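Remarks on the structure that follows.
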Amino acid sequence: MDAVLADYRAAPISPAERALFGFIEKVNGAASRITAADVDEVRRAGWTEEAIYDAVNVCGLFNFYNRWVDATGVAEMPEAAYREAGKRLARRGYRISADREPLA
């Protein structure tokens, strides 16, 4: 993961993953310039329409939330809170039910 964050182009990932990251980079920085050729390139790398759609949605939502957080002044959680949330998700997943454990 660190290698991907540093430079996905040089990271030890599959060509398909590299193609998807390149596409998402363009979605993130120049979405209005996405062409059919860009989408075709990701398809040729092996990604399905559904996977491409999901990637665009995730990218778009992260952009939205980052801007919303920045504009509203919502504070980032401390690292310890992220760690606890990760442990809780590992224990019970995302499910919400009447018998769920308390959040604390």
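Each reported figure results from applying straightforward, stated rules to the coordinates on display, with no laboratory input. Since the model is a prediction, treat every value here as computed from it, not as a measurement. All Cβ positions, glycine included, derive from the backbone under ideal geometry; neighbour counts span all protein chains shown.
So the values come out like this:
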quantity: Folded to 0 to 90 degrees: helix 79-92 orientation relative to the chain principal axis, Cα; calculated: 90 degrees
quantity: Gain upon complete extension [residue 36, residue 21; 0.36 nm per residue less C-alpha separation]; calculated: 3.7 nm
quantity: Residue 28-residue 72 pseudo-label distance in nm [points 7 Å out on the Cα-to-Cβ vector]; calculated: 2.3 nm
quantity: Value at 222 nm in deg cm²/dmol, rounded to 500, when DSSP H runs of n ≥ 4 in the chain each add -39,500 (n - 2.57); calculated: -21500 deg cm²/dmol
quantity: Size of electric dipole in the chain: Cβ of Lys, Arg +1 and of Asp, Glu -1, about Cα centre, debye, nearest 20; calculated: 240 debye
quantity: Sites residue 81 and residue 44 - FRET efficiency at Förster radius 35 Å, r taken between beta-carbons, to 0.05; calculated: 0.25
quantity: If the convex hull is drawn through the Cα atoms of the chain, its volume per residue in Å³; calculated: 167 Å³
quantity: Computed E for residue 91/residue 62 - FRET, C-beta separation, R0 25 angstrom, nearest 0.05; calculated: 0.50
quantity: Whole-number percent relative contact order across the chain, with pairs defined as alpha carbons under 8 Å at least 6 apart; calculated: 18 percent
